[in-house]
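Here's the structure we're looking at; comments come further down.
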Amino acid sequence: MTPLSRRALLAGAGAALAASPGPARADALSTSAGLHDHALRSGRFYGAAIDQTILATNPTYMAHVPVECGVVVSEAAFKWGRLRPAPELFYFAPADALMRYAEQHALALRGHTLVWHEDNPPWLAERLTSAAAAERLLTTHIRTVVRHFRGHVFQWDVVNEVLWLPDRQPLGLRDTLWLRALGPRYIDLAFHLCAETDPGAMRFINEFGLDYSWPDQQRKRAAMLSLLADLRHRGVPVQGLGMQAHLEAGVHALDQKELAQFCADVAALGLNIVITEMDVRDNRLPAAIPVRDAGVAAEGRAFLEVVLESPALLGVVTWGLSDLRTWLDEAWPRTDGLPQRPLPLDREMRRKPLWEAMAATFDAALPLQK
Ligand code: XIL
């Protein structure tokens with residue numbers, strides 16, 4: 001099976017992924033080519049995750065988004081924890097704010113995420129009292145949310161981080177409230193519901209820890225390939241793998257041949273790939289900024305060189321655009337307390353060596369087949 005045609009898959013993205021930048025992009029801060037323009041040269045896209053507070057309060061940051069990006073995704077506004085303050089209540093305001101921003105600036109919008117084991121409202125676990133109750137809850141959620149964003153979201157991370165081999169569950173699945181309530185079929189249900197509610201949006205399974213040649217990540221890649229093969233064999237409408245790509249500078253564990261083989265194995269299943277959350281932790285590197293920026297750029301380049309060789313790779317999204325806001329300072333802070341520098345722009349919105357490395361690897365990529 002060959003990957004679904006790129007044109008068919010990106011059809012829903014509208015002007016944002018057109019061959020030339022839309023009007024909103026041309027009159028933005030700078031007329032110099034942004035990362036999305038570099039990605040477009042091989043028929044791919046570049047985007048970034050946007051924090052809802054940055055969107056609401058930092059116009060300087062947001063002025064750079066249309067210059068660099070063709071795609072945006074919300075860090076948290078599309079998750080149960082924000083959308084569902086109460087069982088009978090959907091709160092779309094923060095997510096709608098990003099949807100409106102994307103429309104105003106001719107940007108495509110990714111939806112992240114319909115099912116995750118984290119960031120769920122406290123009432124959810126209490127309501128999962130039976131398989132029937134769980135199915136009703138999941139069905140109502142996905143139908144309501146996907147319908148609300150139908151025609152606006154061009155790609156959904158339908159399920160997020162469903163694998164965790166240490167939980168020793170079938171297929172290496174993570175022991176989550178959805179697995180306990182419905183068994184592995186919760187994944188099938190989520191994909192079918194998304195496909196029937198918005199057939200025009202591309203559907204991804206999104207996962208971290210697939211990047212390095214450490215034994216646990218090698219086992220996780222094998223488990224992901226088995227899961228994807230099983231889903232495809234049973235006609236579950238998954239169309240792509242989202243590789244989060246939370247990379248680490250200074251670990252020297254990127255085996256480019258192994259990573260290339262994994263991408264080829266995913267493509268052989270007829271699936272496409274998006275790098276959905278790329279950033280490069282520098283918390284293992286010394287404090288000196290030139291050292292950190294060089295290490296981050298080298299790791300980003302080594303990873304992108306490989307994945308951009310894959311005809312299945314449709315685009316790259318970084319989990320933030322500027323170091324001014326990165327979840328890594330909460331999740332893996334540096335021991336010296338310095339803010340990390342994992343993203344293409346620095347805290348003053350200036351392009352960094354990682355930006356240069358990304359632009360160069362985008363430019364060197366072979367064009368995608370139409
Ligand atoms: C993170 C957000 O960036 C944070 O703002 C939030 O507090 C927690 O979630 N993998 C994912 C993302 O799939 O949803 C996570 O985003 C980062 C790790």
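The values are calculated or read from the model by the stated rules, or taken from the named source; none is laboratory data. Every value quoted in this text rests on a predicted model; they were computed, and no experiment measured them. Positions of Cβ are backbone-derived with ideal geometry, glycine not excepted, and every protein chain shown enters the neighbour counts. In case anyone asks, the SASA skips ligands and DNA or RNA and just uses the protein heavy atoms, side chains included. Shrake-Rupley method; radii C 1.70, N 1.55, O 1.52, S 1.80 Å.
Some notes on this structure:
- Checking Leu29 against (1) more than 28 Å from Gly240 (Cβ to Cβ); (2) in contact with a helix residue (DSSP H, G or I) (Cβ under 6 Å, 6 or more places away or on another chain); (3) modelled with pLDDT of 95 or more; (4) of a type in the set (A, V, I, L, M), the condition it does not meet: (3)
- Filter result for His152 (under 21 Å from the mean Cα position of the chain (by Cα), open to solvent by 50 Å² or more (accessible area, probe 1.4 Å) and under 20 Å from Ala76 (Cβ atoms)): yes
- Residue within region 267-285 that is more than 30 Å from Asp323 (Cα to Cα), part of a helix (DSSP H, G or I) and open to solvent by 30 Å² or more (accessible area, probe 1.4 Å) present: yes
- Criterion (in contact with a helix residue (DSSP H, G or I) (Cβ under 7 Å, 6 or more places away or on another chain), surrounded by fewer than 23 Cβ atoms within 10 Å (Cβ to Cβ) and among the hydrophobic types (A, V, I, L, M, F, W, C)) met by exactly one of Ala288, Ala297, Ala364: Ala297
- Here is the figure for region 302-352: residues that are within 16 Å of the ligand (Cβ to nearest atom) and assigned to a loop (DSSP other than H, G, I, E, B) total 14.
- First in region 344-370 and under 24 Å from Pro59 (Cα atoms), second anywhere and assigned to a loop (DSSP other than H, G, I, E, B) and open to solvent by 70 Å² or more (accessible area, probe 1.4 Å), Cβ under 9 Å, 6 or more apart: Met349/Leu29
- Candidate set: region 205-232, residues that are over 19 Å from Leu304 (Cβ atoms) and within 16 Å of the ligand (Cβ to nearest atom); chosen: the one nearest to the chain's Cα centre (by Cα): Ile205
- Within region 29-57, the residues that satisfy the criterion of being open to solvent by 30 Å² or more (accessible area, probe 1.4 Å) and within 16 Å of the ligand (Cβ to nearest atom) are Asp51, Gln52, Thr53, Leu55, Ala56, Thr57.
- Qualifying residue in region 181-199 (condition: within 16 Å of the ligand (Cβ to nearest atom), hydrophobic (A, V, I, L, M, F, W, C), crowded, with 19+ Cβ neighbours inside 10 Å and farther than 16 Å from Pro237 by Cα): no
- When region 89-125 is filtered for residues that are more than 14 Å from the ligand (Cβ to nearest atom) and in contact (Cβ under 8 Å) with a residue 60 or more places away in the chain, the ones remaining, listed by number, are Ala102, Gln104, His105, Ala106, Leu107, Ala108.
- Among residues of region 222-237, those that are open to solvent by 30 Å² or more (accessible area, probe 1.4 Å) and of a type in the set (Val, Ile, Thr), counted: 0
- The single condition among (1) among the polar types (S, T, N, Q); (2) touching a His at 6+ places or on another chain (Cβ under 9 Å); (3) more than 16 Å from the ligand (Cβ to nearest atom) that Thr60 does not satisfy is (2).
- Some residue of region 238-259 being within 19 Å of Pro184 (Cα to Cα), crowded, with 16+ Cβ neighbours inside 10 Å and away from the ligand (no atom under 16 Å from the Cβ): yes
- Residue within region 164-173 that is within 16 Å of the ligand (Cβ to nearest atom) and either of a type in the set (Asp, Glu) or open to solvent by 40 Å² or more (accessible area, probe 1.4 Å) (or both) present: yes
- Where Leu128 falls short, out of the listed (1) open to solvent by less than 60 Å² (accessible area, probe 1.4 Å); (2) away from the ligand (no atom under 16 Å from the Cβ); (3) under 30 Å from Gly70 (Cα atoms): (3)
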